[in-house]
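Below: the structure, in structure tokens.
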Amino acid sequence: MQTDFQTIATQAMQFIMPEGILTLFACAALVLDVMLPRDRKRFVAWVSLLGVGLAFASLWILYTSIVSKGTPRTAFFDMIVLDSYAVVFKSIFLIGAALSILLSIKYLEIEGEQRGEYYGLILFSVIGMMFMASSVDLLALFISLELMAVSVYILVGYFRRDKKSNEASMKYFLLGAFSSGVLLYGISMVYGLTGSTNLAKIAAALPIVASANFNPFGAAAPPDMRYLLLMSMILMAAGMFFKVAAVPFHMWAPDAYEGAPTSITAFMSVGVKAASFAMFGRLFLYGLPDLRGSLAGDPASGIPSLPGWALLLGIVSAITIVWGNLGALTQNNTKRLLAYSSISHAGYVLLGLIAGNQTGYTGFVIYLFIYTIMNLGVFGCIIALRRRGIVGDRMEDLNGLMKKAPGLTVMMTIFLLSLGGIPPTAGFIGKFYLFAGLIETGNPWLVRLAILAVLMSVVSLYYYIRFIRAMYIEGETEPQPVTLAPSLRVALVAAAILVIYIGVFPQRLIDLTQKAATSPGLKTYSYQQGATKPAEPATPPPARGMPGERDRQTATPPR
Amino acid sequence: MLAAIILVPLVGAAILGLFGKRMSERVIGWIACSTVAVSTILSFYLFFEHRAALEGGEKLHEYLFTWISVGTFRTDASLLLDSLSAIYILFITFVGFWIHVFATGYMRGDKGYWRFFAYMNLFMFSMLTLVLADNFVLMFVGWEGVGLCSYLLIGYYFTKDFANDAAKKAFIVNRIGDFGFVLGVFLLFSKAGTIFYFNDTARGIHGAFDWAMTQSPDPLTWSAIFGGGITSVAVLLFVGAIGKSAQLPLYVWLPDAMAGPTPVSALIHAATMVTAGVYMVARASSIYIHAPTAMMIVAIIGAATALFAATIGLAQWDIKKVLAYSTISQLGYMFLACGVGAFGAGIFHVFTHAFFKALLFLGSGSVILGMHHEQDMRRMGGLKKYMPITFATMFAGWFAISGFPLFSGFFSKDEILYRSFIANGLPDSWARILWFVGAVTALVTAVYMTRLMVLTFWGRERFSTSEPAPGADSVPGGHEDHPGPPHESPASMVLPLVVLAAGAVFAGYLGVPEGLSGGKITNYFERLLEPSIASLHVMEPGHAQRTPEGTPLETRAEAPARMPEGHGLERTLTGVSILIALAGIGIGWVWFKRKPLWEPPRLLEEKYYVDELYNATVVQPIKVGSTSVLWKVIDVHIIDGAVNGAGHLASMLGSTLRYLQSGLARSYVAIVVLGALLIIGYFVMK
Amino acid sequence: MTVLLALLLQTPPRAGGPPSPGPVATPPIYGYIPIVIFFLIAVLLPVVLLGVSRLVQRQVFEREKLMPYECGVDPIGDARDRFSVRFYIVAMLFLVFDVETIFLFPWAVIYDRLAVFGLVEMLLFIGILVVGYYYAWQKGALEWA
């Protein structure tokens, strides 16, 4: 038994060190909060920032010493995997968290809500996100999803005296709980069909379960189990669509984004979204790769073939892109506008999953990376507008900003152009990869989808340029000056430099994300032959069964 | 090393842009000039370091980093130094440096001193990127960069409406051209599968030009333009050149661009940026020689623009407007040269033109400053004695542009006229017409330049020294308050004039046409360029008959063959050119000495009413359309309507959205369930 | 019923016995006798206690005493009365720490097999809870006033 202890201790060092550090600092943030006097609470922010920094450093050490060498390894009884996919996403969350904390310090001061729990909760939700990216087990995925979600529910309602914030939190919580239920339902059905919660085992069992003549009970007239499989896939997709705010599961987003504290809106729109996409990718690319294309039928016995999730995602992403962009056109509240914009961006990111080739996967990861930075930048600029007596979330609050704060205006312009996908900003690189991935497939429908996405990103320019027009052309509506707090300035300048840097020298990031897009287990898909071929010989995680564990092996049909 | 040439001005621009506000004018001037000086020195060093290699046609690639590499598509930030780009960076940095020096004096006392020089340095960066790029995408980055800087600098006096309007006009007209350019690059990529210029084995890159050389030429038919082949590529790229280099019909922005400070006009709108179109066409020469139809279009548009703009220049009163139209006209010459296959001659004219036109513009700037911001030549005259150095240097520019023998413009213009006369690849009658148009233009050029000089420097003094000039167009601050007699400019402005005047006189000796010297002096410029640009086989009259198909194409390997038989014709034509230049100067002298204020025909003074024509056919319809349709219908009814919940489309889209987005959590849940059911239903029913 | 009972009460097969015959056999359920006994005791104990006390107590009826006890709140009144939010906080804290104790039970049962590992693991777990407890305490969640 002593080996178990050693194994787990080493695994804890090797696999979840960043998460461990964050847990420590999250607890420290809570304790510090009650120990510090009221006017010193901003110290907690710096402590949590230090925690994020240390976590990043340990992640980097893990990456250079473990991940970049050889195949990924699983730990904790195949629940956690540490591969490039996980590392890239974890770094996205950590960057997002660091920027969000920097954005928050001054903002909370102005709101008079500077408290340590805030930072503790952010750290806790980041822990959840990080586990979402590296879990390869349905249960672990779900628990980490809930850890993230519960923390964020609280953060959305963090302004206790603000009715809007409370309402947003309540709605988000109710709908979130509902969608978690839907997701869990899907998960339970997948477990029932494949007999495992491990994604690799599920993927291995899929070809059997998805075949038209799967007949586990040896019945005379076999029931078509594929419908059940599809049903569970759709339920899981629905749960994930909710988390990433894809149409028609997006309804909570505008309300929650508008009501939440602006810094939390920023954090939600990037962190929660990226984490949900990380989980989405894990579930669908690692767990259900064979459900992508159509499920072959058996014409001989009159069994029809059924569509796979690529079709579902394609339709949803098309609707999402169109809906999000059109919805944003008429908004006058900037937070609400950005909520719709973030809905449309969710649609773009889905394109990478649909494309199913290396370019698409690279686009999927790189876009989330870039989106995190640029969207936090835009929100940071809006936070900068929060002053005594001015909420700063109306379009008019931007009027004449060029005269008041030219530096801020220029940075905001960079972020907006990046969101619109204009070179030489980073947003262009992301969109380029997503669209190129679709076009590379050569499938006429996917090319049409790419054209639609390009057209809609032109539409999106309309409302991004509305900001620019307000800042440069409109006259000032109120005279109050805009000053940038040092922490906010650091965050914004760092984000702006990153956006430009990635736009001009993208290769380094592309190399990194390409590694994530080729991590073993990810299967690419060619629409030409309609066949699945593994990127590398699919390596089932080395079975490290718990001693005495009764291995309910993957359901193997009796032949 | 190449990267340093580009990056040093960028660093300068960054420093000035970020910290310039708090610096003194002196420091700003030093930073701005020294960065350009570093580039200049580096350019010269590189040129002489690699001179043998460049003469031998070597292409020095400098790979910086890969920007995007997806599938077959790859774009690098990588630079290319061959003789063509070497010549360009030499004169860009050299002329640019002296214009920077001039501007330190010219802009003295202006509130936006730092801003001005930040833009200028940024412009140098963009222009050098454009020229040194080794692929079309990076070239496009520079192409847009110079467009942006041009926009910023034209609208430099942003408090003035006319400057803002001019800046917008330049921006929009250029976008039309850029659209063509981008489409051309797309088409080229779909044909050649690469956006790089040349093969580079070190990186395993295939070049579009090397691809083009393997293609068989398109026939000389109009339908080839729309054939989607190499001719279409060439024509689309040329549309970009038309916009950037201000050719018919997209030239209208350049005269208005004179709203910018005069050094800007000299640097951007005379010497460098506007010649980017010529550079691009010469760079893509291997594409053009496979597209005879496109060549013909280039030649025709070039010749037509040359004549058209020259005649307008004859009738302008604003000294800078005259020079602006003159620039358009000279750019026409350059395209004429490219169109008849004499890319080298075209580039040579770019080179000499950079000197004398920059000189003329700076000279006019000196005059304007000396006259306390007076630009109208009707209120000048007799300035010779007040501004002797300016006069002397502009004198050199005047003779150079008029094609007076042994001045630089003479050699380059003569070469172009000769090459268009013998244009191969074109039917003989076309060649003669092109030559004739060019010759007439040369005459008109000499006349209007003489007019400019006479009106400005000779004759009666038509200004009063007591009051500040009313209606001054250009407003660099600080000078309005001390009226007085015209004065010579400070040393920082005079020195560049002298240097450029030397260039205007002597730059031509780098490329003495071989026909003139009977082949005794090699045309160094042309020999240097030959390896870099593909050329049609030089067909001398009497040497070989044109093949019936009309386009005998040889690669450049055969091009340097000497053909002394043609020298007789060349000398004859040179004689004609000299006569034309002298006649033009003579006519101008006699006519305008006598009647300096002669009213030119209204048609010319009003620039053929082209602006009015565009206003009526393009601007007004768009305005009316956007007012009555976009604004009154779309904006008021649909966009605003959506906000107010009362529009047409809004009631379909917006209010449906609004209805769904009721804010009630239970209805959201209902929608989620409905959505999930719909999806499941669709999948199960399918 | 009898079938269920029989199923529940059967003894587990010996470890290393013959494997179950079919791959999709009904998973056997057995070894639930201790739980059945536990249930019986759980039901019996309160019944016995209440019964004994009813038998031996001295009964005095007053108005206050006859009212059903509900945490100090008047049991009769509008259902939409406002409750003090502290009820919920206390309830939640109770829930959290209650669940923690439940986790301690299985740990204690196989503590000898988990050895140091189990100890460290549980210390971590409790450590995190202590942080939470300290936080709740300092925040004043435990004080009623």
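Rule-based calculations on the coordinates, nothing more; no lab input. Since the structure is predicted, the reported quantities are computational estimates derived from the model, not experimental observations. All Cβ positions, even for glycine, are placed from backbone atoms using ideal geometry, and neighbour counts span all protein chains on display.
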Hey, can you rank B:96-109, C:112-125 by average C-beta count inside 10 Å, highest first? B:96-109, C:112-125
If you rank B:HIS50, B:HIS61, B:HIS487 by fewest surrounding Cβ atoms within 10 Å, what's the result? B:HIS487, B:HIS50, B:HIS61
Part-to-part distance (alpha-carbon centres) for the range B:292-348 and the range C:44-65, which is given in Å: 114 Å
Under 8 Å for C-alpha pairs, at least 6 residues apart: give me the relative contact order for the range B:26-85, rounded to a whole percent. 26 percent
Treating only the Cβ atoms of Lys and Arg (+1) and Asp and Glu (-1) as charged, compute the dipole magnitude of the range A:449-524 about its Cα centre; round to the nearest 20 debye. 400 debye
Rg and Dmax of the protein assembly as shown, Cα atoms only, in Å: 39.0, 144
Along the positive direction of the dipole of the protein assembly as shown (beta-carbon charges: Lys, Arg +1; Asp, Glu -1; about the Cα centre), which of C:TYR88, B:LEU81, B:SER429 reaches farthest? C:TYR88
Tell me the mean residue ellipticity at 222 nm calculated for the protein assembly as shown from its helices only (DSSP H runs of n ≥ 4, each -39500 (n - 2.57), averaged over every residue, nearest 500). -21000 deg cm²/dmol
If you place +1 on the Cβ of every Lys and Arg, -1 on the Cβ of every Asp and Glu, and leave all else neutral, what size is the dipole of the protein assembly as shown about its Cα centre, to the nearest 20 Debye? 1300 debye
How compact is the range C:78-145 by the rule of thumb for globular proteins, expressed as Cα Rg over 2.2 N^0.38 Å? 1.51
What is the ratio of the Cα radius of gyration of the range A:325-392 to 2.2 N^0.38 Å, with N the residue count, to two decimals? 1.36
Run the dipole for the range B:1-91 about the Cα centre, Lys and Arg Cβ at +1, Asp and Glu Cβ at -1, nothing else charged, and hand back the magnitude in debye, nearest 20. 420 debye
Quick one: B:LEU569, A:LEU484, B:LEU664, fewest Cβ neighbours within 10 Å first, how do they rank? B:LEU664, B:LEU569, A:LEU484
Using only the Cα atoms of the range A:307-523, construct the convex hull and provide its projected area averaged over every direction, in square nanometres to one decimal. 12.1 nm²
For C:VAL52, B:VAL252, which order do you get if you count the other beta carbons within 10 Å of each Cβ and list the fewest first? C:VAL52, B:VAL252
Links that overshoot a 29 Å alpha carbon limit, given the list B:LYS169/B:LYS593; A:LYS335/B:LYS160; A:LYS403/B:LYS169; A:LYS163/A:LYS404: B:LYS169/B:LYS593; A:LYS335/B:LYS160; A:LYS163/A:LYS404
Label zone at A:GLN6 (point 7 Å along Cα-to-Cβ), backbone N below 11 Å, the range A:56-94: none
With a cut-off of 8 Å between alpha carbons and a minimum separation of six or more residues, what is the relative contact order of chain A in percent? 16 percent
Principal axis extents for chain A, Cα atoms only, whole Å, descending order, please. 80, 58, 43
Got the relative contact order for chain B handy, in percent, Cα pairs under 8 Å and 6 or more residues apart? 12 percent
